[in-house]
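A.B. asks: Structure provided below as structure tokens; questions to follow.
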Amino acid sequence: MTFTARLRAPFQSFGRTVISASILAASLALPQVGAAQTVVPCGGSFGSFVGNMKSHAQSRGYDKATVDRFFASAQKSDAVLRADRAQGVFKKDFIDFSRAVISQNRIDNGRHYGGKYASVFDRVEREFGVSRGVLLAFWALETDYGQVQGNFNTLNALMTLGHDCRRPELFQPQIVAALELYARGDFDPATTQGAWAGEIGMVQMLPEDILHNGVDGDGDGHVSLKTSAPDALMSGGKMLKDLGWRAGEPWLQEITVPSNLDWSKTGLDTKLTVSQWAKLGVKPRSGSLGNGNLKASVILPMGRKGPAFLAYPNFEVYFEWNKSFVYVTTAAYFATRLEGAPVYNAGNPDASLSGAQMEQLQRKLSARGHDVGGVDGILGRKTRAAVQAEQKRLGLPADAWPTTALLNAL
């Protein structure tokens, strides 16, 4: 499962090479994780793009022989471009998506792998403060616990997307990072495979993320996120901590809300303390609410008639891993299930808009001056905020769930 707003990948080690002082200096100058930087012009002849990337790499201190070997097999991949333009899975609503990806088999396997690698999860919790359910859920949704890691050549994927002018600033630095992994002996440009967007391994990390957060969890001297579960889990935990994960705190909790709640207070843009939410009638569906002083948001993935959750500060970290609201909410909820939470109460939400209707809605919202993040038919975070603003303006229940009534009213 991938989404090109935030991606990651592991690598295969393939023989140690000597790293010169200039290459070490270049690696220290690599952009930080998540940095946006275009290093060469995008578009035009793919051959010219390869040549420009090679020249850029040499300007960073990599010797010509190393650069030539690294880029020797690079090819443009039409399959990658087709995959990039066909992310329809994220057009599903929360209930449909979560039911599709959270199977009893994945829950059973989560319990199995949680036990098999209990000592690794204990270490992750001890060193990085990340609860095991969180990593298990990512492991399951990204690669089905390492079973489906992708069969796209990673260098070709990164080169294709770096050449394409849609998001070159995201992918071009990843090419340089992959070159550094190659220089370290931990990436084979001809054989390393992963997801179509350049992520590799069990928890799908991009080359830059590997450089900054890769951990040799099994002690063999390599960070091999493709073949080593300890490496993948430790690296995933370190990256989550690096992204801001707060140790010992919850991330998502199912709740019940009163029918007279001020719906305009729901959504990720409004944060109250847990104690304030409790005074407004918010109650845990099971267990108890988190620390009363924690700030949290009430989110309603399917509106006021569907499931309801309290999203704690750690929930925001999920958006650093993946920008899809539906994916993030599903991953966070799945993590709670793996730690014993019950199946959510689906309620009886109003019907979802079709893809065509959602695009029509986004065009109408854009025309009214809202930033919906593009007309793509996906009910993402920005579209939800715009929906809620218009619901409030029109005197409708402002629960951020678009209906045909709202579409017609606009």
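Every number here is computed from the coordinates shown, using simple stated rules; none is lab data. As the structure is a prediction and not an experimental result, all values here were calculated from the model. Ideal geometry is used to build each Cβ from the backbone, glycine not excepted, and the neighbour counts take in all protein chains shown.
A.B. asks: Let me see the pair-distance distribution of the stretch 251-410: every alpha carbon pair, 10 Å bin width, integer percents in order.
C.D. replies: 11, 41, 36, 12, 1
A.B. asks: What is the log10 of I(q)/I(0) for the stretch 316-410, computed with the Debye formula using one identical point scatterer on each Cα and no solvent, at q = 0.14, 0.16, 0.18, 0.22 Å⁻¹?
C.D. replies: Calculated log10 I(q)/I(0) at the listed q: -0.58, -0.73, -0.88, -1.13.
A.B. asks: Which of the aspartates and glutamates could a cross-linker span from Lys116 if the Cα-Cα distance has to be under 18 Å and same-chain partners fewer than 8 positions apart are dropped?
C.D. replies: In chain and number order, the partners are Asp108, Glu125, Asp144, Asp218, Asp231, Glu339.
A.B. asks: Hey, another quick one. For the stretch 34-85, go through all pairs of different Cα atoms, get the mean of 1/r, take its inverse, and jot down that Kirkwood value in Å.
C.D. replies: Computed over the stretch 34-85, the radius equals 12.5 Å.
A.B. asks: When the Debye formula is applied to the Cα atoms of the stretch 143-200, each taken as the same point scatterer, what base-10 log of I(q)/I(0) results at q = 0.25 Å⁻¹?
C.D. replies: Each listed q maps to, in turn, -0.98.
A.B. asks: Order the peptides 159-166, 371-378, 242-249 from the highest to the lowest mean number of other Cβ atoms within 10 Å of their residues.
C.D. replies: The densest-packed peptide leads the list: 159-166, 371-378, 242-249.
A.B. asks: Okay, next question. Charges only on Cβ, +1 for Lys and Arg, -1 for Asp and Glu: so what's the dipole of the stretch 261-397 about the Cα centre, in debye to the nearest 20?
C.D. replies: 360 debye
A.B. asks: Please go through the residue pairs Lys91/Lys382; Lys305/Lys392; Lys91/Lys392 and name each one whose alpha carbons sit more than 22 Å apart in this structure.
C.D. replies: Correct reply: Lys91/Lys392.
A.B. asks: Nothing charged except the Cβ atoms of Lys and Arg (+1) and of Asp and Glu (-1): what's the magnitude of the dipole of the chain about its Cα centre? Round to the nearest 20 debye.
C.D. replies: 1020 debye
A.B. asks: Would you mind giving the three semi-axes, in whole Å and largest first, of the ellipsoid equivalent to the chain according to its Cα gyration tensor?
C.D. replies: For the chain, the ellipsoid semi-axes come out as 39, 26, 17 Å.
A.B. asks: Same structure again: For Gln193, enumerate residues with amide H under 5 Å from its amide H, sequence gap 5+ or separate chain, H modeled in the peptide plane.
C.D. replies: Thr154
A.B. asks: Translational diffusion coefficient of the stretch 65-141 at 10 °C, 1.306 mPa s, Stokes-Einstein with Kirkwood Rh over Cα pairs, in µm²/s as a whole number.
C.D. replies: This corresponds to a translational diffusion coefficient of 98 µm²/s.
A.B. asks: May I ask for the distance between the Cα centers of the stretch 135-167 and the stretch 275-350, given as a whole number of Å?
C.D. replies: Here the two parts' Cα centres lie 27 Å apart.
A.B. asks: Which residue, Thr143, Gly395, Ser224, has the largest displacement toward the positive end of the dipole of the chain when charges sit on each Cβ (Lys, Arg +1; Asp, Glu -1)?
C.D. replies: In the chain, that residue is Gly395.
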